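Bear in mind that the values in this text are calculations on the coordinates, not laboratory data. As the structure is a computational prediction, the values presented were derived from the model and not from experiment. Reconstructed Cβ throughout: ideal geometry from the backbone, glycine too, with neighbour counts over all protein chains shown.
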Amino acid sequence: MASAPAQPTLTFPAWPQAGEEEREGLLRALDQEGWWRNGGGEVDSFEREFAELHGAPYAIATTNGTHALELALSVLGVGPGDEVVVPAFTFIASSLAVQRLGAVPVPADVHPETYCLDVDATARLVTPRTKAVMPVHMAGQVADLDALAELAEATGVTVLQDAAHAHAARWHGRRMGEFGSMAAFSFQNGKLMTAGEGGALLLPDEESHRQAYLRHGCGRPPGDRVYAHLTQGSNYRMNEFSAAVLRAQLTRLEEQIAVREQRSRQLEAALARIPGVVPQGRDDRCDVKSHYMAMVRLPGVQPERRTAVVDALNAHGIPAFVGFPPVYRTSGYWQGPYSGDADEIGKRCPVAEEIGGDCVWLHHRVLLADTATVDRLAEVFAEVVART
Ligand SMILES: Cc1ncc(COP(=O)(O)O)c(C=O)c1O
């Protein structure tokens, strides 16, 4: 067992980051007549700017990323009796959003290199009840959108991108709003741009935007003064302060992604040289990876040792965490109208079973450090893995 240092030996840039732009934005929002979207201009402006950055015709800002997914599913008409294929290895929100609508999330296995939805495994799970397939762009590595487009074409299922990790990412040079599908983002505190909480949904056409607008505001059309609740829905509206902060955060996003890309190449190469450590692989068709997390696998690691490795990294000041369990290995997943059991699903998801047990991830702020610190991080990682 490695002995923990008395003091953290490494320091990294803080996250979240804010400057004058955020302060000015907050005051601008404060000085408006109203602080909700119908009383000011920040949410409207943010939606336009976010949509434009991603090449989408429209965006709707929401309270958080989970709600952006729920909103998208409700626009697709997903409800009881429907199924949505989700990756077995993802943050639970991808599955919970489906459950919230009364539908069944069907976990499919993921790719051992990219940790994104395995499209062949997905195809085997498509049934007449399947309303949508939800790829997650894990840690900013875009899922195989080419194969998913073919699957959608062949089966008629709709693709809904869970892009919570993929702000400004690209696939073959195309942005996340240029695939004709909805894409849901998160602005929770750890995300690549943040207002503490928040979300957004990119919409591919006028009708889906109209539906999303209605449903994110209790069914009310823009400018409604007569309580015309034209559809069911909920209140998923973002407030003006969050939008003002996010407009400021947008100004740093692409520059920071470029820095993370350089540091990530350096870190990946160094970590790959450590025996027993395998960094997340890349699919080079993803030509801008947004680097939400630096993920690695420690194949064959036992649960106690993985926790000990994370603890030892933390003691050195490295923001490390254990990865997600497979969604079906959580109690939350099973609170729905499901048959079967976790072991049964586990049999068809061998990769998620392994990654769920051996994955460790580092917060993306380590990728904003200088090159000497990234070298030192890799050295400490090697020492910790060797001694723990
Ligand atoms: C893959 C994925 N989907 C959805 C979400 C939900 O976003 P939020 O936390 O903003 O509700 C997250 C958040 O971490 C996520 O990682």
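Descriptive notes on the structure:
- Cα-Cα separations in the chain greater than 28 Å, expressed as whole percent: 46 percent
- Here the simple spin-label model places points 7 Å from the Cα toward Cβ, and for Gln17 and Leu253 these points are separated by 1.6 nm.
- Take the Cβ atoms of Lys347 and Ala272, set R0 to 35 Å, and the FRET efficiency comes out at 0.70.
- Each 10 Å bin from zero up to the one holding the largest Cα-Cα distance in segment 20-248 carries the following percent of pairs: 9, 34, 36, 16, 5, 0.
- Amide N of segment 275-301 lying under 18 Å from the label point, which is placed 7 angstrom from the Cα of Ala386 along Cα→Cβ: 275-278
- Put a dot 7 Å past the Cα of Tyr338, heading toward its Cβ, do the same for Arg174, and the two dots end up 3.2 nm apart.
- Segment 153-175 residues near the modelled Asp287 label - backbone nitrogen below 17 Å, point 7 Å along Cα→Cβ: 168-175
- Candidate aspartates and glutamates for bridging to Lys289, where Cα separation is under 12 Å - those fewer than 8 sequence places away on the same chain excluded: Glu254, Glu261
- Qualifying lysines (Cα of each under 25 Å from Cα of Lys131; at least 8 residues distant if same chain): Lys347
- Structural descriptor for the chain: relative contact order 23 percent, calculated from alpha carbon pairs under 8 angstrom and at least 6 residues apart.
- The gain in end-to-end length when the Glu206 to Glu49 segment is fully stretched comes to 54.8 nm, 0.36 nm per residue minus the alpha carbon separation.
- Distance between the C-alpha centres of segment 229-259 and segment 187-210: 6 Å, rounded to the whole angstrom.
- Top positive-direction residue, dipole computed over the chain with Cβ charges, set Ser186, His167, Phe12: Phe12
- Legend: calculated FRET efficiency, Glu113 to Ala228, from the Cβ-Cβ distance at R0 = 45 Å, rounded to 0.05, equals 0.35.
- Inter-centroid distance (Cα atoms) of segment 318-388 relative to segment 1-77, Å: 25 Å
- DSSP-assigned coil residues among trypsin sites (Lys or Arg not before Pro) in segment 76-150, each with at most 16 further Cβ atoms within 10 Å: Arg129
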